[in-house]
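Here is the structure we will look at, set down as structure tokens.
The values are calculated or read from the model by the stated rules, or taken from the named source; none is laboratory data. This is a predicted model, so every value here is computed, not measured. Neighbour counts are summed over all protein chains in view; Cβ atoms, including those assigned to glycine, are modelled from backbone coordinates with ideal geometry. In case anyone asks, the SASA skips ligands and DNA or RNA and just uses the protein heavy atoms, side chains included. Shrake-Rupley method; radii C 1.70, N 1.55, O 1.52, S 1.80 Å.
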Amino acid sequence: MALPFEPTQKTEPALSQKSLVAMISDKFANLTDARTGENTRYEVSDAALSAFAMFFMQNPSFLAQQINLQKNKGKNNLQTLFGAYSNPCDNQIRNLLDAVSPVELYAIFSRIFNDLHATGYFEPFLVLNKSLLIALDGVDYFSSEKIHCDCCSTQEFANGKIRYNHKAITPVIVSPKQNQVIPLAPEFITPQDGHTKQDCELTASSRWLQREGPALAVHNVTILGDDLYSHEPFCQAIRAQKMHFILVCKADSHKTLYEWLADFERENKVITITRTRWDGKHKIHDTYRLMNDLPLRNDDEAMMVNWCELKSVRDDGKVLYYNTFITDHPLSSSAVIDIVAAGRSRWKIENENNNTLKTKGYHFEHNFGHGKKNLSSVLATLILLAFLFHTVLEHIDKCYQLLRSVLPTRKTFFDDIRALTRYTCFESWQQMLEFMLKGLDIPIPKSV
Ligand SMILES: [Zn+2]
């Protein structure tokens, strides 16, 4: 049976909502189907497309609305915009996706990364001799004392109560020069070795490094992370993948390194530079300190790292920023400014990624379903994919860019799409955006 997509039209850009959906539809057709019997292949695909569509449209009622639309108009947007053959019910979606491993979806992230890279998309992101910055962080997306599955992590309290939770490492490409962040395939923090051994953020991040490192290393990657990651085995694992690192390194968790630093301070060997800038109201003094070649732990064989610090103080004495980092990039009076700027862009994983997923309509801490095995992590991966698709469209789709720039908020954009797709079936995503632009008397961009 052929997929319900025609080959990409010449008028469509190489990367578009249509081409992206065609690509995932193709991948979804090969997802695990745990049922026995024949002709079941497309149903798992439709279950995945339906869940993806719900997250992409930021509309928990999208599937029910499309069933009504099908009854009233004989067609629906789940078919026309997402290429699903059927509209499976919520229970079917939950059952089918519970058997799929999130690992089966990871190749989609790599494919989009490669397509974006081919367009030169990452060029403006590069810093520090053309290095691509990837920030790692753990994010909680489920917690309960009642609902649980085989993949839940557990936390036991003194009173005997157990809290079940799900957490994932959500790596993103960041840059001090760019507001956008680009999500990469996640790694789930889930009990390993036959569900007996609890997993942790650092171990899951190491698995992610092993998995993605070989393909990413050619992009001259620098890994960013918080103090938890300033741990010698992890730093060595980064170097083994031919990547660099800039990691927060606090004094209370790295006593040896800071004792060595204090010795060098007494000998006046720590380089200090101060830059003064004006923020429109106040003078701000940025004081950088740096020292190369300090041991990361108390051992003759310890890894040697380079350390730097930034303290920003307003002229009225208020401390605006303070942080310390270790890196394998060589530090100098000139290099330290860019290295600290790169290290600081780690916060974007919290602001632009994790908060967007939780608060900007993606329902990352969703309650669509938990499942017995994989459902929770498969849905979380589909949410990340929906976020990635919107990020890509914001960059490549001229009509999308125009609409987002003229509509007052992203909420208005999604509110309008929710209302339109409830009442009307569009032939394509492109037709829907053009309909919206026409309604606003905005000319359709010629390049589309
Ligand atoms: Zn669970």
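Figure note: 320, 69 ranked by solvent-accessible area, largest first, 1.4 Å probe, ligands and nucleic acids not counted: 320, 69. Judged by the gyration tensor of its Cα atoms, with axes a ≥ b ≥ c, the stretch 28-156 is oblate; a/c meets the 1.5 cut and b/c is at least as large as a/b. In the chain, the C-alpha radius of gyration followed by the widest Cα-Cα span (Dmax) gives 24.4, 81 angstrom.
Residue ranking by accessible heavy-atom surface, 1.4 Å probe, largest first, among 285, 329 comes out as 285, 329. A crude spin-label estimate for the pair residue 423 and residue 236, with each label 7 Å from Cα along the Cβ direction, gives 6.5 nm.
If a/c stays under 1.5 just call it rounded; otherwise compare a/b with b/c (prolate if a/b is bigger, oblate if not). Do that for the stretch 169-314, with a ≥ b ≥ c from the square roots of the Cα gyration tensor eigenvalues. Don't skip to the end; give the middle numbers.
Working: a/c = 2.22, a/b = 1.40, b/c = 1.58.
Since a/c reaches 1.5 but b/c is at least a/b, the shape of the stretch 169-314 is classed as oblate.
In the chain, the calculated helix contribution to ellipticity at 222 nm averages -12000 deg cm²/dmol per residue, counting -39,500 (n - 2.57) for every DSSP H run with n ≥ 4. Taking the Kirkwood radius as Rh and the Cα radius of gyration as Rg, the stretch 93-175 has a ratio of Rg/Rh equal to 1.14. Put the Cα centre of the stretch 98-139 next to the Cα centre of the stretch 203-244 and the gap is 14 Å. I want to make sure I understand the PRE zone here: with the label point 7 angstrom from the Cα of residue 281 toward its beta carbon, which residues in the stretch 290-323 have backbone N atoms less than 18 Å away? Correct set: 312-321. Take the convex hull of the alpha carbons in the stretch 65-221; its mean projected area over all directions comes to 13.5 nm². A straight Cα-to-Cα reach below 24 Å connects residue 161 with the lysines 146, 197, 372, 373, residues fewer than 8 places away in its own chain not being considered. The calculated FRET efficiency for the pair residue 435 and residue 350, based on their C-beta separation and a Förster distance of 35 Å, comes to about 0.45. Using a probe of 1.4 angstrom, how much of the accessible area of the stretch 374-448 is carbon and sulfur, in percent? Percent of accessible area from carbon and sulfur atoms in the stretch 374-448: 54.
Can you tell me, using C-alpha contacts under 8 Å and at least 6 residues apart, the relative contact order of the stretch 133-224 as a whole percent?
Values: 155 pairs, mean separation 27.8, N = 92.
Relative contact order of the stretch 133-224: 30 percent.
Taken over the stretch 256-311, the percentage of Cα pairs per 5 Å bin, counting from 0 up to the bin with the maximum distance, is 4, 18, 23, 18, 13, 9, 7, 5, 2, 1. Placing pseudo-labels 7 Å out from each Cα toward the beta carbon at residue 220 and residue 150 gives an inter-label distance of 4.5 nm. On the basis of the beta-carbon distance and an R0 of 22 Å, residue 322 and residue 266 show a calculated FRET efficiency of 0.50. The stretch 304-330 and the stretch 393-410 have Cα centres separated by 37 Å. Fraction of C-alpha pairs exceeding 14 angstrom in the stretch 129-186: 64 percent, rounded to a whole number.
Between residue 373 and residue 404, what's the calculated FRET efficiency when r is the beta-carbon distance and R0 is 30 Å? Round to 0.05. List each step's numbers first, then the result.
Details: r = 38 Å, r/R0 = 1.25.
Taking R0 as 30 Å, the efficiency between residue 373 and residue 404 is 0.20.
Could you work out the relative contact order of the stretch 176-263, using alpha carbon pairs under 8 angstrom and six or more residues apart, expressed as a whole percent? Once divided by the residue count of the stretch 176-263, the mean separation gives 22 percent.
Cross-link partners for residue 281 among the lysines, with Cα-Cα distance under 29 Å and sequence neighbours closer than 8 places in the same chain left out: 177, 311, 318, 348.
Take every pair of alpha-carbon atoms less than 8 Å apart whose residues are at least six positions apart; their mean separation over the length of the chain yields a relative contact order of 18 percent. Within the stretch 245-354, what whole-number % of the accessible surface is contributed by carbon and sulfur, with the 1.4 Å probe and all protein chains included in the calculation? Carbon with sulfur: 47 percent of the solvent-accessible area.
Between residue 161 and residue 140, the modelled label-to-label distance comes to 1.3 nm, taking each label 7 Å out from Cα in the direction of the beta carbon. Computed over protein heavy atoms with a 1.4 Å probe, the carbon and sulfur contribution to the accessible area of the stretch 70-213 reaches 47%.
With every protein chain present, what is the per residue accessible area of the chain (1.4 Å probe, Å²)? Mind dumping the intermediate values first?
Working: 21100 Å² over 448 residues.
On a per-residue basis, the chain sits at 47 Å².
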